[in-house]
1. Highest mean first, what order results for 66-79, 161-174 on Cβ atoms within 10 Å?
2. If packing is taken as the average number of other Cβ atoms within 10 Å across a peptide's residues, how do 267-277, 219-229 rank, most packed first?
3. Can you work out the Karplus-derived ³J(HN,Hα) for every residue in segment 178-188? Use 6.51 cos²θ - 1.76 cosθ + 1.60 with θ = phi - 60°, whole Hz, and x for glycine or proline.
4. Largest first, please: the extent of the C-alpha atoms of the chain along each principal axis, to the nearest Å.
5. Report, in degrees rounded to the nearest 10, the 0 to 90 angle that the Cα long axis of helix 207-220 makes with the longest principal axis of the chain.
6. With a 1.4 Å probe and all protein chains in place, put His104, His59 in order of accessible area, largest first.
7. Per DSSP H run of at least 4 residues, take -39500 (n - 2.57); add these up for the chain, divide by its residues and hand me the 222 nm value, nearest 500 deg cm²/dmol.
8. Between Ser135 and Ile3, what is the FRET efficiency for a Förster distance of 45 Å, r being their Cβ-Cβ separation, to the nearest 0.05?
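The values are calculated or read from the model by the stated rules, or taken from the named source; none is laboratory data. Here the structure is a predicted model, which means the values were calculated and not measured. Because the Cβ atoms are built from the backbone with ideal geometry, glycine has one as well, and the counts that use them run over all protein chains shown. Remember, those area values only see protein heavy atoms, side chains included, never the ligands or the DNA or RNA. Shrake-Rupley method; radii C 1.70, N 1.55, O 1.52, S 1.80 Å.
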Amino acid sequence: MIIDMPDTTTGAVTKRLVQLRESNGVITMGRVLTLVVCTLDSSEAEDAIDAANDASREHPCRVVVLARGDREAETKLDAQIRVGGDAGAAEVIVLRLQGELVSHESSVVIPFLLPDTPVVAWWPRGAPEFPSKDSVGRLATRRITDATFAADPQATIKRRRASYASGDTDLAWSRITYWRALLAASLDEPPFEPVESVTVSGLRDEPALDMLAGWLAARLGCPVRRRSGPLRVAVHRPSATMAIERPQTGRTATLTRTGDPDQRIALARRETRDCLAEELRRLDADEIYHEALAGIEKVTYE
């Protein structure tokens, strides 16, 4: 069910939500959090809603989407309520802001926060430089950014350490979850020798690889090089090299070890919805993410 409410107020939208609960049995008792999605414009909102809907099947929530319009236009709020099949396991409220409302996002979103539940803020694109100091970010216990879609992804992920506050994370981090698991498992196999160096190669503008290099530098305490080239991570030990390589758009990686036959492993690029669902599983500080950000400064770029 989709209900459009053009040129409305937050009070009218709240009242309509109450009416829906009373007349149609739409309830919020099972919602475990409020996800506030801050989008740059209405055209970006639909992709974000699709990702949030998919993630909500694992984390039933109220999704409040803030779609920023023209700051110079007449001040106006257009709203849309989506429930039932059009909202996954969520209750979606789309708020399209124009005029002065664009500068007062937190005031608009506060009436829709579920009581006694955590608030998570997500910026699919155009995240503030300091998410924890943003007006919406201050309302949230968890703040999710995505350097992948920034104008300069590599510079953006490097700046995340300076802006880090407890509760911050970036989807570039969750995009490498399977890579981290595979590397950790491979390092637990013979030869049991210290790692001398690591080389991480791939697209220059892929911040997930910067996070991977930073994580390896922080955890292994050895030289880590980051370079452009085929998507590949090579771990060098005194008597052997272990490498994982995958085509940029492929779904299967090849694991090679000195003296052993190659292995084929499923390792597809993770979709935004999967990364978002993973980040919604924890609402505390991600200390390993913070360590990986710090580790980026130890990486040598070639």
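1. Values: 66-79: 16.2, 161-174: 21.0.
Going by the mean number of other Cβ atoms within 10 Å, highest first, we get 161-174, 66-79.
2. On the way: 267-277: 18.9, 219-229: 16.6.
Put in order of decreasing packing, that is 267-277, 219-229.
3. 5, 4, 5, 5, 5, 5, 4, 5, 5, 6, 8
4. 70, 37, 32
5. 50
6. On the way: His104 95, His59 20 Å².
Output order, biggest surface exposure first: His104, His59.
7. Numbers: 9 runs with 93 residues, N = 302.
It lands at -9000 deg cm²/dmol.
8. Details: r = 27 Å, r/R0 = 0.60.
Calculated transfer efficiency: 0.95.
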